Every structure is written in C-alpha cells, then in structure tokens.
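The structure appears right after this line, and notes come after that.
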Amino acid sequence: MTSVVFPRAEHRFYLDASPEARAKRRFDQGVSRLSVEEILAAIRERDEIDKNKAEGSLKIVPGVVYLDTSGLTISQVYEKLIGNITNTRIEEITMVQLEVESDTSPIEEPDVQKSANSQEQLQEKYLKSLEQLEEGQLVDGHIIQVTPDQVYIDVGYKSEGKIPIGEFKEIPNIGDVVPVILITKENNYGEVIVSKKQADIKIFWRNLRQAFHDHTTVKGTIEKLVKGGFDVDIGGGTRAFLPFSQADTQRVDNPESFLGMKTSFYVERIYSDGKMNIVVNRRKWLEEELEQKRRAFFEKTHVGDDITGTVKSFTSFGAFIDLGGFDGLLHINDMSWGHVTKPKDFVRKGQEVQLKVIRIDPQEKRINLSLKHFSDDPWVHFEDKYHVNDIIRGKVTKLTEFGAFVELEEGIEGLVHISEFSWVKKVQRPEEMLSIGDETECMILGYDLQAGRVSLGLKQVTTNPWTEIEANYPVGTRLRRKVAKLANTGAFIELEEGIDGFLHGDDISWTKKIKHPGSEFSVGQEIEFMVISVDAEDKHIRLGIKQLSEDPWKSFAASYRPGSLVEGEVSSITDFGVFVRVPGGIEGLIHKNNLPEKREDNPDELLKKYNVGDKIKAVVLELQPDKQKVAFSIKDYQKKVQREEVSRYMAADESDGSTFTLGDFFKSKNAPEG
C-alpha cells in the first residue's frame, strides 16, 4: 500500500500470504457461509483483478521488503516488521557516524517506540474507516464473485455482502462497480447485508426529482393502454401516466403501435394533492428533438443538394416526405416535367426516395423537393423542335371544362381551348370530341417559354366552312331541311353538320302573327324555306318561309287606298274594336269609335251586336304596308255612302228640272216605308 499511497515512506513492506492460507484464515473467522474451496476460488479471482489494475495494482516494486505471512500470526508479523525497522535504523546510524566523524553531536537511538506508534495509527485509521460506514448508507460495491444464485460484493468492510442474482437485469462481470445500500454491517453470523434493489430505488427517486427540477429526460417503456393514455414503466418499480395528447407530435390514431416502445420523456408532475401521481410528456421531447434536427438540416442543406427521404402521406397537390421527423413537400408539379394526374403514379407510401432540394425557407420552415430536376427541362429545347403553325400529333392527358391538355412529349403539354375545337360545332364539353388517351392532330397557335405554355387548335387542322358559306348558300336559295331547335323568337334549321340557319317568327307568315314557333313546327319536321341573308363574319344565316310567296301587303296597297271600299268578315272581337279579315288574308282593325252609323249610337253597345264571321262593309281608313298595319271604319263607310247618294240625287234632279233640296232628301230617307 505504501508504494502507492505513501511512495516516499521511510519503510515500505509487501505483506503476502498464499491463497490457501488466506482462505483458511477467512473460513476460521466464521464470517462467511462459503466453503474453503469457494473462498479460495474467490481470493484467486480477486488477486488476478488486483494485479491488473491500472492504478494501485499489487506488485512488488524496488525498495520494498517482501514478507510472507502464510505461517505467521499477527503478533509474529508485527515483531518482524519492528525488527526490520530497528535494524534499518541502526545501519543508517552507523553509516552516518563513519561518514561524518567530525560531527560530535550525540546520535539518537533508534526510535522503536515511534515505529510501534505508527503501526498503531495505521490500524486505528483502518478501523476508523470501517466505523465511517453507516447502516442505510448508499455505497459503491465491487463485484468479486458471481455464482448462479448470488453476486458477492466488496464494500470495504471486514466481509463481503451478497445480492441475489435476480436483482440484476443482466449478469454482471467481476470487477463491476454496483451501488448498494448497507442494510446491516454485521449480523449474528458476522455477515454484511447489502441491497441493490433498495439502492436502485433510492437512486431512481433521486434522479427522478433531479430530472423534474432540471427539466431533463428520463427513460421509460410504454407498456399498456389505460383510460386517456398509456401506462409507462420508468424504472425503480414505478409507473407513470402518459396522456394520448402528449404521446406524439401528431394525433394518436393507432395507440396499439406505441406499446413496447422504449423512449424518453419529460417529467411533468410527480405529486398531486399530496399523493404520488407521475405524469410524463413524450411530445415535448419529440418536438425539441425535431427542432434540433430541423435546425441542423437548415444549417447544412442548400438548394441543389441531393437528400434521401421516406414518402409519408399524399395530398391532392403532392406528397409529404419524412426527412427524419420533419417533412418536406414534393409538389405534384415537381414529380415530372410531364403532366402528373396522381402522385401515387410516381411514388408510393413508405418508399425511400432520393430527391433534390429546389427551395428552402428557414423562416417559414418550408422545404420544397423535386424528382424531375434530376433531368433537363425539355422547354430548353422547345424552339429547336416546334414552331407556330406546325401541325403536331399528341396524346390527350387531361380534360377540363375549358378545354383539353395534349402532351407533345414528356414534360411539354399544350392546351386546346374549347373554342378551338370546331369551326361550326358548338362544343359544350371536351368529352363530346375527345377522350383521355386519344391521339390527335393539333396546330401550334402560340407558346410562352417563360410560363411553359403552348396554345393548340383542333379546328385549324381542317378547312373553315364559313369561308365558303356565301358560295354554298347564296341569298334566294330555296331549301328543304329539318327543324333542329325551337326558340321563343323562332326556329333553328340545320343546313349541314355544325351550321344552322335561323327562321325568325316574323319571317314565317306575311299575315299571321306567330306567338311561338312551336305552334307551327316541331323539332325534326322538314320544312321548305328561303335563304334571305348571309353574314360569314358573324356566322349568321337568316331564313324565311313567307318569302316563298309574294307579299300580300304590297298587292293590297296596290289595289286599295285610304277611302277605298272593302268587304270582309269579323275574325275577332276585342274590348277596343273588331278585327276584320279582307282579301289576301290581311287583317285590319275597326276601332269601336268607328263603328257607330248614327251619332246617338253607343260604341260599346254596338260591339255586342257583332259576332265572328259577320260580313262587314267598311272603308280603308289608314294603310301602312311597311308596318303591316291597316285600319277600317264603318262610320266613314256610312258617310261615304251618304255622300254618294246625295251626289246621285242631286245629279238626277238637275236632269229632270225639278226642285229638290237636301232637306227633302233626308226627309225621304227618314220617311216610313210603304
């Protein structure tokens, strides 16, 4: 011991004894229940450990006196040590006298009593160190032997303690240091009683309280489901409650998947209302871990770097990639230079993929990733292959309400707007002409390299029929076609596929007022008509039926003038007058104020006397053939008749020389007949 503890000690000894002698001594002390053979084996193992220690190993060093104590008692060992010290002192004094003869100072006798006192002090110090061990104290023990049932521990006392092998989670090794509680220094059998289990509990609670106060983590195992969360074994025979809300950074949809998980937790609470109620939090620890990983990612990663991630989930606009606890977005537009309908066509859930970082925002904590950037952008070479007015062949990849997308090559798509589908056909939905997967010919109408857009046309591949419409349907052409559609103001007649002419209600009849064309035609009915106008620029063709015959209004106006006598029959009666149909099918109105033949007649009473079909004589009061309007009058007719009679009587009187006045004429008209 002096070689290490007191390397400059005046006297140094190496006390030794054979393993057999030491085993017999310990057995004779009666402090161990082991046999002599078992004690001997343990001593030999301990000697081997002590010889190979990095510091304080049992080795004989130069200047040390070796003493074998195998056959000696303690008193005999003591006498040999004192004798050696005394002899050494005498030799040293003699040498001093020979070397320094001039020195007349008295030489002190060897202090044998002082050496004896030093030995006693060492013994007292050792005994005092034993007294410092207190029952209930947590001490470090050194494993000196391991058997199938017991582990023997040296705690620095007179004998070893032993611990059941079951208190160890794993079989320990000789030389391991294990914390234990000193239960009893020495029982009735002279044994030291120690407990590793109690030491583990004491250390556990000390560490648990420390973790709670210092906001550090503890380890634990999620063992079972309980109401509202999990039961967690955090060691020391102690369990804690982990709420579902604090178990993960995301909602716990499958709690069974957490069972058996060994992980770290923060201690949120130890006691509640004076009772032990330990609550732990895994979510907070995960968030801190994720934040550290995310911070390290943003510090080390740059745009253009290649990284590896795992496909976590899908959305309509792409896929989220797990980069080690935090996500990056692989947008659907960054999966391929071509059109992507479904993200699942390019990656699958759980797949590990290599991606390129194309955008990174530490402030917003956003990471955009790409698959397509591992290859060249096909738009770079677009103008080398394609030009405006080129007719190309492509594949329909997508249909929308406003048109169809056609893939020219992988990564380049163009849009055929629905207005560019047909020259003549009014396409309501792209599905009427195209289906996804169809190959079709289109013309390039224009492109924008910056925006990555190409405008295509389907109809431009064919001839525009409206350029020849006036030659095919000149004004005045008589045709027979079927009614395609009825409207409130007229009917659409299909001239050829995609080209309709319009028959307005006013062009159906010269004389008949058509309130709705449905009263005259039905869809699918074949009718005869005439082309009356063509406007190729506005794509409008006007048709007419009444133009097939001469305009009766012109004939009527040629034959009749205001004041002319006309005969007809009542076609309808209204509150304001009587409609009369005259030759040519023309209808005119006799207003009720123009009905009275005499001044005293009441117009409203006269209306009641007329019936549909009654024959009527009247004169033309007003005529507007361009507006197809004519008005008649019975009152003026009577005046006309009277004037003619007056004139006729006046002419007759002059011829016979008699005197006849106007008063005589009215008297004769009012005189009773017979």
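The values are calculated or read from the model by the stated rules, or taken from the named source; none is laboratory data. The model shown is predicted, which means the values in this text are computed figures rather than measured ones. So basically every Cβ, Gly included, is an ideal-geometry build from the backbone, and we count neighbours across all protein chains shown. In case anyone asks, the SASA skips ligands and DNA or RNA and just uses the protein heavy atoms, side chains included. Shrake-Rupley method; radii C 1.70, N 1.55, O 1.52, S 1.80 Å.
Descriptive notes on the structure:
- Residue check for residue 472: farther than 30 Å from residue 642 by Cβ and free of Cβ contacts under 8 Å to residues at least 12 places away in the same chain: yes
- Test for residue 296: is it small (Gly, Ala, Ser) and more than 26 Å from the chain's Cα centre (by Cα): no
- Hey, residue 202 part of a helix (DSSP H, G or I), open to solvent by 70 Å² or more (accessible area, probe 1.4 Å), touching an Asp or Glu at 6+ places or on another chain (Cβ under 7 Å) and touching a residue at least 24 places away in the same chain (Cβ under 8 Å) or not: no
- Some residue of region 376-395 being aromatic (Phe, Trp, Tyr), out of contact with any Lys or Arg (no Cβ under 7 Å at 6 or more places or on another chain) and open to solvent by 40 Å² or more (accessible area, probe 1.4 Å): no
- Residue ID - nearest to residue 520 (Cα to Cα), chosen from residues in region 456-473 that are open to solvent by 30 Å² or more (accessible area, probe 1.4 Å) and of a type in the set (Val, Ile, Thr): 467
- Residue selected from region 366-383 under the condition modelled with pLDDT under 85 and among the charged types (D, E, K, R), by the criterion nearest to residue 450 (Cα to Cα): 377
- Just so you know, in region 537-571 the residues that are out of contact with any strand residue (DSSP E or B) (no Cβ under 7 Å at 6 or more places or on another chain) and open to solvent by less than 30 Å² (accessible area, probe 1.4 Å) include one that is farthest from residue 422 (Cα to Cα), and it is 551.
- Residue check, residue 361 of a type in the set (Asp, Glu) and modelled with pLDDT under 85: no
- Test: residue in region 489-496 that is at pLDDT 85 or above, among the small types (Gly, Ala, Ser) and outside any strand (DSSP E or B): no
- When region 435-462 is filtered for residues that are outside any strand (DSSP E or B) and either touching a residue at least 40 places away in the same chain (Cβ under 8 Å) or in contact with a His (Cβ under 8 Å, 6 or more places away or on another chain) (or both), the ones remaining, listed by number, are 436, 437, 438, 449, 452, 458, 460, 461.
- Of the residues in region 425-439, at least one is over 27 Å from residue 492 (Cβ atoms), open to solvent by 80 Å² or more (accessible area, probe 1.4 Å) and in contact with a strand residue (DSSP E or B) (Cβ under 9 Å, 6 or more places away or on another chain).
- Selection from region 382-423 of residues that are within 30 Å of residue 328 (Cα to Cα) and out of contact with any Leu (no Cβ under 7 Å at 6 or more places or on another chain): 397, 398, 400, 407, 409, 410, 411, 412, 413
- Residue count for region 635-663, restricted to those that are touching a helix residue (DSSP H, G or I) at 6+ places or on another chain (Cβ under 6 Å) and at pLDDT 80 or above: 1
- The strands (runs of 3 or more DSSP E) found wholly in region 219-328 and carrying at least 2 residues that are over 30 Å from residue 201 (Cβ atoms) occupy 306-315, 318-322.
- Out of 538, 506, one residue alone is within 30 Å of residue 471 (Cβ to Cβ) and part of a helix (DSSP H, G or I). It is 506.
- Every pair of residues 6+ apart whose Cβ atoms lie under 8 Å, when the first sits in region 576-597 and is at positive phi while the second is of a type in the set (Gly, Ala, Ser): 584/555
- Of residues in region 474-521 being open to solvent by 20 Å² or more (accessible area, probe 1.4 Å), among the acidic types (Asp, Glu) and in contact with a strand residue (DSSP E or B) (Cβ under 6 Å, 6 or more places away or on another chain), the one farthest from residue 540 (Cα to Cα): 494
- None of 315, 301, 308 is open to solvent by 70 Å² or more (accessible area, probe 1.4 Å) and within 27 Å of the chain's Cα centre (by Cα) except 308.
- Subset of region 32-58 [modelled with pLDDT under 75, loosely packed, with under 11 Cβ neighbours inside 10 Å and assigned to a helix (DSSP H, G or I)]: 51
- The residue pairs whose first member lies in region 504-518 and is under 13 Å from residue 487 (Cβ atoms), whose second member is in a loop (DSSP other than H, G, I, E, B) and open to solvent by 100 Å² or more (accessible area, probe 1.4 Å), and whose beta carbons are closer than 8 Å, counting only pairs six or more residues apart or on different chains, are 505/515; 516/488.
- Count of residues meeting criterion [under 24 Å from residue 588 (Cβ atoms) and among the hydroxyl-bearing types (Ser, Thr, Tyr)] in region 506-541: 3
- Residue-level analysis places residue 290 outside the set of residues that are under 16 Å from residue 356 (Cβ atoms) and among the aliphatic types (A, V, I, L, M).
- Looking only at residues of region 59-79 that are out of contact with any helix residue (DSSP H, G or I) (no Cβ under 8 Å at 6 or more places or on another chain) and in a loop (DSSP other than H, G, I, E, B), we find that the one that is surrounded by the fewest Cβ atoms within 10 Å (Cβ to Cβ) is 62.
- Among the residues of region 329-348, those identified as part of a loop (DSSP other than H, G, I, E, B) and surrounded by 12 or more Cβ atoms within 10 Å (Cβ to Cβ) are 335, 336, 337, 338, 339, 340, 346, 347, 348.
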